[in-house]
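Trainee: A single structure is presented below for examination.
The values are calculated or read from the model by the stated rules, or taken from the named source; none is laboratory data. On a predicted model such as this, the values are computed, not experimentally measured, just so you know. Virtual Cβ from ideal backbone geometry, glycine too; neighbours counted across all protein chains shown.
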Amino acid sequence: MVSDVIDLRSDTVTKPTDEMREAMQEAKVGDDVLGEDPTVKELEELAANKMDKEAGLFVTSGTQGNITSLLTHTEPGEEIIFGRDCHIYRYEVGGYASLAGLSSRTLDDSKGFMNPSEIEEAVREENIHHPETSLLCIENTHNVAGGIPVDSHYTKEVSDIAHDNDMKVHLDGARIFNASEALDEDIAELVGPVDSVQFCLSKGLSAPVGSMLVGSEEFIKRARKNRKRLGGGMRQAGVIAAPGIISLEKMVRRLKEDHKNARILTDGLKEMGIDIEPNKYKTNIVMLDTSQFEKTAEELRVILEEKSILTLALGKNLMRFVTHREISREDIERTLNVFEEEIL
Ligand SMILES: *Cc1c(COP(=O)(O)O)cnc(C)c1O
């Protein structure tokens, strides 16, 4: 595919494949609030099976999956532990506070994960002055830190700490399949230690809409009710669930290509003498510190945009590139040429 615009803003820009469009056309549907949509049921079972959890729930977005999980695991007034740079804290409109009524204990996760000993120290002891610490949220891959994957060893270690303290663990696994492909770890093993997982169908997996929440039968039963409370009960949702089935069956293996393209980008930048550490970026997200060009991320973003290369300015000096199904190796080479000609 020859694309004029190279869109490296996010893997959310991926459009459904022709096969997905056909599946939407042909999907068997029913009223899913009444539990009668066979395609939604199939997707929910498939997602749960892949992760070796008991049940799944189709939700409209990653944000809805995360807030539904928070509402289901906690009571208002309790406290959650999560990273200062995690998506739930930074980019979900404060729903953990306004909708779930939770207080927050944020820890440093700038390397892509929280230090287990800091998690342990952040758990509140029983005291009349303290809220109950009831939930730990981890993120894999970690978006803002640069698509950092964490392995099942880490996940087990921090989950054990949480469980030993009567807490639950929610994994914001928006890009958990990128982690599993990058680490060559079985997905079920990777999510084994946690109580619930949210993952996105609509990012690198290319579906047009939706995320999945998976966990125990009992958890998903209550989550289904919380999703309804949030207005997320959907009727003939099989038309949007059908592409999600293709995401899970056919789009996972190709994520490795995105990781390879991200590596070609970081290697190419490094070869030009740009300060970037290719080994840090193991999945499809690359971060670049723009201060080395004496430019803000926004200034650099505009220069690239004039050359039809779209990126995101995430912070004052932080630029993000994301590779995905609609980014080819040629697109990466063109991007590298623009750096050489326009920026250095
Ligand atoms: C994108 C993302 C989400 C939210 O997904 P939406 O479908 O955009 O609501 C949650 N967590 C992480 C880490 C993400 O990257």
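Trainee: If you scan region 131-142, which residues turn out to be assigned to a loop (DSSP other than H, G, I, E, B) and touching an Asp or Glu at 6+ places or on another chain (Cβ under 8 Å)?
Mentor: Within region 131-142, PRO131, GLU132, ASN140 qualify.
Trainee: Filtering region 171-187 down to residues that are outside any helix (DSSP H, G or I) and not small (Gly, Ala, Ser), which residue is nearest to the ligand (Cβ to nearest atom)?
Mentor: In this case the residue turns out to be ASP172.
Trainee: Suppose we filter LEU265, LEU190 for residues that are within 16 Å of the ligand (Cβ to nearest atom) and either free of Cβ contacts under 8 Å to residues at least 60 places away in the same chain or part of a helix (DSSP H, G or I) (or both); which single one remains?
Mentor: Exactly one residue qualifies, and that residue is LEU190.
Trainee: Condition (residue is of a type in the set (S, T, N, Q) and either touching a strand residue (DSSP E or B) at 6+ places or on another chain (Cβ under 9 Å) or assigned to a strand (DSSP E or B) (or both)) applied to region 217-238: is it met by at least one residue?
Mentor: no
Trainee: If you don't mind, another one. Output the qualifying pairs, or none if there are none: Cβ atoms under 9 angstrom, residues six or more apart or on different chains, first residue in region 161-181 and closer than 14 Å to VAL214 by Cβ, second residue among the charged types (D, E, K, R) and near the ligand (Cβ under 10 Å from one of its atoms).
Mentor: Matching pairs, first to second residue: LEU171/GLU139; ASP172/GLU139; GLY173/GLU139; ALA174/GLU139; ALA174/LYS203.
Trainee: Right, something else. Report, by residue number, each residue of region 62-111 that is in a helix (DSSP H, G or I), touching a Leu at 6+ places or on another chain (Cβ under 8 Å), among the β-branched types (Val, Ile, Thr) and more than 11 Å from the ligand (Cβ to nearest atom).
Mentor: Of everything in region 62-111, just one residue is in a helix (DSSP H, G or I), touching a Leu at 6+ places or on another chain (Cβ under 8 Å), among the β-branched types (Val, Ile, Thr) and more than 11 Å from the ligand (Cβ to nearest atom), namely THR68.
Trainee: Then there's this: Select from region 106-140 the residues that are of a type in the set (D, E, K, R) and surrounded by fewer than 17 Cβ atoms within 10 Å (Cβ to Cβ) and list them in ascending order. Steps first, answer last, please.
Mentor: Going through region 106-140, the residues of a type in the set (D, E, K, R) turn out to be 108-109, 111, 118, 120-121, 124-126, 132, 139.
Matches in region 106-140: ASP108, LYS111, GLU118, GLU120, GLU121, GLU125, GLU126, GLU132.
Trainee: When LEU230 is evaluated against the numbered criteria (1) within 13 Å of the ligand (Cβ to nearest atom); (2) crowded, with 19+ Cβ neighbours inside 10 Å, which criterion, by number, is the only one it fails?
Mentor: (2)
Trainee: Does at least one position in region 122-130 carry a residue that is in a helix (DSSP H, G or I), more than 16 Å from the ligand (Cβ to nearest atom) and not β-branched (Val, Ile, Thr)?
Mentor: Yes, region 122-130 contains a residue that is in a helix (DSSP H, G or I), more than 16 Å from the ligand (Cβ to nearest atom) and not β-branched (Val, Ile, Thr).
Trainee: Determine whether region 158-170 contains at least one residue that is at pLDDT 95 or above, of a type in the set (Val, Ile, Thr) and within 16 Å of the ligand (Cβ to nearest atom).
Mentor: Going residue by residue through region 158-170, those that are at pLDDT 95 or above are 158-170.
Filter once more, keeping what is of a type in the set (Val, Ile, Thr): 158, 161, 169.
With within 16 Å of the ligand (Cβ to nearest atom) added as a condition, the list becomes 169.
So far as region 158-170 goes, yes, one or more of its residues are at pLDDT 95 or above, of a type in the set (Val, Ile, Thr) and within 16 Å of the ligand (Cβ to nearest atom).
Trainee: Next question, about the same structure. Please verify whether ILE245 is in a helix (DSSP H, G or I), touching a helix residue (DSSP H, G or I) at 6+ places or on another chain (Cβ under 6 Å) and not aromatic (Phe, Trp, Tyr), treating the condition exactly as stated.
Mentor: Spelling it out, ILE245 is indeed in a helix (DSSP H, G or I), touching a helix residue (DSSP H, G or I) at 6+ places or on another chain (Cβ under 6 Å) and not aromatic (Phe, Trp, Tyr).
Trainee: Give me the residue from region 35-61 that is away from the ligand (no atom under 16 Å from the Cβ) and in a loop (DSSP other than H, G, I, E, B) and, out of that set, surrounded by the fewest Cβ atoms within 10 Å (Cβ to Cβ).
Mentor: GLY35
Trainee: Let me ask something else. Here are LEU314, LEU230: which of them is over 29 Å from PRO149 (Cα atoms) and under 23 Å from the mean Cα position of the chain (by Cα)?
Mentor: Residue meeting the stated conditions: LEU230.
Trainee: Hey, another quick one. Answer yes or no as to whether ARG325 is touching a residue at least 24 places away in the same chain (Cβ under 8 Å) and closer than 23 Å to HIS142 by Cβ.
Mentor: Judged against the criteria, ARG325 is a match.
Trainee: If I filter region 1-34 down to residues being over 24 Å from MET234 (Cα atoms), touching a residue at least 12 places away in the same chain (Cβ under 8 Å) and out of contact with any Lys or Arg (no Cβ under 9 Å at 6 or more places or on another chain), which single residue comes out as nearest to the ligand (Cβ to nearest atom)?
Mentor: Looking at the filtered set, the residue picked out is ASP7.
Trainee: Does ILE176 count as within 17 Å of ASN49 (Cα to Cα) and surrounded by fewer than 22 Cβ atoms within 10 Å (Cβ to Cβ)?
Mentor: In short, no.
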